[in-house]
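Shown next, in structure tokens, is the structure this report addresses.
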Amino acid sequence: MYLLSLSLLLTLYTLSTALDNGLVKTPPMGWMTWERYRCITDCKNDPDNCISENLIKAMADRMVYGGWRELGYVYLSIDDCWSLKQRDSQGRLQPDPDRFPSGIKALADYVHSKGLKLGIYSDMGNYTCGGYPGTTLETIKIDADTFASWEVDMLKFDGCYSNSTEKAIGYPKMSVALNATGRPILYSCSWPAYEGGLPPQVNYTLLGNICNMWRNYGDVQDSWDSVLSIMKWYAANQDVLQPAAGPGRWNDPDMLITGDFGLSYEQSKVQLAIWAILAAPLIMSNDLRTISEDAKDLLQNRLLIHINQDSLGKQGRQVLKVGRLEVWKREMVNGQYAVAIVNTGDDGIPKPIATSLGMLNITQCPAGYKLYDVFEKEFLGYFKSNTLINLKVNPTGTVMLFIHPASVPHHGHRKYFGVM
Ligand code: GLA
């Protein structure tokens with residue numbers, strides 16, 4: 001009897017806290033201010049880069065005219081440093097009127113008129129990480145209601161300036177408060193990143209019930225070292241992280257920095273390949289007004305996006321690491337696979353690799369597989385399990401393969417690569 005009521009209570013608890021917004025059955029895609037624009041608030045000296053409605057509107061325009069929206073990049077998010085340092089007379093957060101003179105609701109209207117979605121940021125704690133007013137346990141409801149009244153579509157909820165107990169109460173409470181607004185708001189929780197990212201401190205079952213995505217680890221910086229350290233952490237902890245992800249609930253290794261200053265062309269491919277394999281949100285932080293054609297071409301790679309957005313929603317894994325060679329693999333719907341072969345070596349020589357589908361454990365389809373090179377946008381031919389696949393992987397670079405069972409019809413080259 002006691003056991004029964006305990007399990008009933010637990011079920012009721014989960015039901016009452018479950019996030020029920022039906023969003024992001026595939027990983028969200030979009031753009032966010034933080035990595036590239038940080039906390040620039042001086043619009044007098046840096047009008048083009050300060051956190052302001054002008055910046056967001058400029059990016060909204062680019063997302064439409066640059067072809068980003070059509071490919072799925074629809075979330076446009078303001079990170080920290082958007083508000084005034086004081087709440088208004090009714091206790092609500094308020095945007096800095098110098099930088100957001102039209103207010104957030106008008107900005108949301110603008111973003112929606114472009115077919116995009118607006119994201120905003122707050123922090124479970126006394127202050128945001130940048131020192132702006134945070135959301136305390138007492139203000140969760142009023143803040144959720146304020147964001148919904150502005151018709152915001154996403155909330156990134158950071159975790160500076162609170163302790164573990166407050167977070168354990170506050171993150172589920174915000175989930176309930178967002179649900180109660182009746183507006184579907186993508187809920188991105190930074191909670192696990194503040195608790196070391198691993199059980200027993202982090203309960204991924206609970207997170208999957210209350211959040212749509214969550215940061216597990218430290219902030220991405222504009223460097224190859226940073227990308228490598230993130231890859232290393234996700235590989236080391238994949239037994240815990242992989243089962244936590246699925247449709248509507250994603251691990252977030254942080255923003256894409258392709259198009260910024262720190263990564264070479266080859267290194268950008270690596271970040272994109274691994275983020276696609278990990279079923280990670282593809283949230284760029286870069287300048288879409290000045291982005292190079294090369295970076296744009298990588299971020300707009302249709303086959304890469306097809307892999308990231310696979311409807312099975314199964315996160316991939318690092319399946320091999322020998323010295324500076326890594327193999328990452330993701331299982332997709334209908335027996336498809338994606339494989340990234342990464343060379344983290346920096347000795348300057350494109351590394352010759354001979355492999356086969358058999359060696360990659362991709363043998364289920366007796367008719368064999370069609371192989372595509374994702375970044376070269378090339379059809380490589382039909383392969384049986386023992387056919388040799390000869391590749392050359394550039395230093396700090398990757399070759400990414402899309403592997404399609406020969407017996408299953410598919411959309412053909414045109415969809416993946418554009419006109420061929
Ligand atoms: C933390 C987060 C970052 C960003 C900043 C804002 O560091 O992890 O992604 O939101 O705060 O201050």
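The values are calculated or read from the model by the stated rules, or taken from the named source; none is laboratory data. The structure presented is a predicted model; accordingly, all values stated were derived computationally and were not measured. Heads up, the Cβs are rebuilt from the backbone with ideal geometry, glycines too, and the neighbour counts pull from every protein chain shown. Keep in mind that these areas ignore ligands, DNA and RNA; they rest on the heavy atoms of the full protein, side chains included. Shrake-Rupley method; radii C 1.70, N 1.55, O 1.52, S 1.80 Å.
Name the single residue, out of those in the stretch 326-365 being over 22 Å from the mean Cα position of the chain (by Cα) and free of Cβ contacts under 8 Å to residues at least 40 places away in the same chain, that is nearest to Asp310 (Cα to Cα). This residue is Thr363. Of all residues being part of a loop (DSSP other than H, G, I, E, B) and open to solvent by 10 Å² or more (accessible area, probe 1.4 Å) in the stretch 48-59, which is nearest to Leu282 (Cα to Cα)? Just the residue, please. It comes out as Asn49. Taking Thr181 as the residue in question, decide whether it is hydroxyl-bearing (Ser, Thr, Tyr) and either within 16 Å of the ligand (Cβ to nearest atom) or in contact (Cβ under 8 Å) with a residue 12 or more places away in the chain (or both). Judged against the criteria, Thr181 is a match. For the stretch 292-317, a residue qualifies if it is in a helix (DSSP H, G or I) and open to solvent by 40 Å² or more (accessible area, probe 1.4 Å), and the qualifying residues are Glu293, Asp294, Lys296, Asp297, Arg302, His306.
Is it the case, given these coordinates, that Asp123 is modelled with pLDDT of 95 or more and either touching a strand residue (DSSP E or B) at 6+ places or on another chain (Cβ under 6 Å) or outside the structural domain of Lys57 (by TED's automatic domain parsing) (or both)? The answer is yes for Asp123. Within the stretch 126-177, can you find the residues that are small (Gly, Ala, Ser), within 24 Å of the chain's Cα centre (by Cα) and closer than 27 Å to Ser102 by Cα? Those that are small (Gly, Ala, Ser), within 24 Å of the chain's Cα centre (by Cα) and closer than 27 Å to Ser102 by Cα: Gly130, Gly134, Ala144, Ala148, Ala177. When residues in the stretch 111-137 are screened for being under 30 Å from Tyr65 (Cβ atoms) and within 11 Å of the ligand (Cβ to nearest atom), 1 of them pass.
Pairing residues of the stretch 161-172 that are part of a helix (DSSP H, G or I) with residues that are modelled with pLDDT under 95, at Cβ distances under 7 Å and at least 6 apart in sequence or on separate chains, gives Pro172/Thr17. Does the stretch 286-300 contain at least one residue that is within 19 Å of Tyr372 (Cα to Cα), at pLDDT 95 or above and touching a strand residue (DSSP E or B) at 6+ places or on another chain (Cβ under 6 Å)? No. The residues of the stretch 60-85 that are more than 16 Å from the ligand (Cβ to nearest atom) and open to solvent by less than 10 Å² (accessible area, probe 1.4 Å), listed by number, are Ala60, Met63, Trp68, Tyr73.
You will find that of Leu380, Leu320, Leu360, the residue that is open to solvent by 30 Å² or more (accessible area, probe 1.4 Å), modelled with pLDDT of 95 or more and within 30 Å of Val240 (Cα to Cα) is Leu320 and no other. Under the condition of being touching a helix residue (DSSP H, G or I) at 6+ places or on another chain (Cβ under 7 Å) and of a type in the set (Asp, Glu), which residue from the stretch 266-305 is farthest from Lys392 (Cα to Cα)? Only one residue fits best here, namely Asp287. Taken as a whole, the structure leaves Ala108 outside the set of residues that are aliphatic (A, V, I, L, M), away from the ligand (no atom under 16 Å from the Cβ) and under 27 Å from Gly208 (Cβ atoms). Taking the numbered list (1) among the aromatic types (Phe, Trp, Tyr); (2) surrounded by 20 or more Cβ atoms within 10 Å (Cβ to Cβ); (3) at positive phi in turn, Trp191 passes all entries but (3).
Per this entry, Ala279 is counted among residues that are more than 16 Å from the ligand (Cβ to nearest atom), open to solvent by less than 10 Å² (accessible area, probe 1.4 Å), assigned by TED's automatic domain parsing to the domain that holds Tyr194 and assigned to a loop (DSSP other than H, G, I, E, B). Ala193: within 16 Å of the ligand (Cβ to nearest atom), without any contact (Cβ under 8 Å) to a residue 40 or more places away in the chain and outside any loop (DSSP other than H, G, I, E, B), yes or no? So Ala193 passes the test.
Contact map, the stretch 97-119: first residue more than 15 Å from Ile51 (Cβ to Cβ) and open to solvent by less than 40 Å² (accessible area, probe 1.4 Å), second residue modelled with pLDDT of 95 or more and not aliphatic (A, V, I, L, M), Cβ cut-off under 6 Å, separation 6 or more or different chains; pairs are Ala108/Trp150; Ala108/Glu151. Apart from one condition, Trp214 fits all of (1) in contact (Cβ under 8 Å) with a residue 40 or more places away in the chain; (2) in contact with a strand residue (DSSP E or B) (Cβ under 9 Å, 6 or more places away or on another chain); the exception is (1).
Pairs are defined by a Cβ separation below 9 Å, a sequence spacing of at least 6 or placement on different chains, a first member in the stretch 27-44 that is among the aromatic types (Phe, Trp, Tyr), and a second member that is within 14 Å of the ligand (Cβ to nearest atom) and open to solvent by 50 Å² or more (accessible area, probe 1.4 Å); the pairs so defined are Trp34/Asp219.
Scanning the stretch 208-258 for residues that are under 20 Å from Ser77 (Cβ atoms), touching a Pro at 6+ places or on another chain (Cβ under 7 Å) and either more than 13 Å from the ligand (Cβ to nearest atom) or among the small types (Gly, Ala, Ser) (or both) yields Ile210, Trp250.
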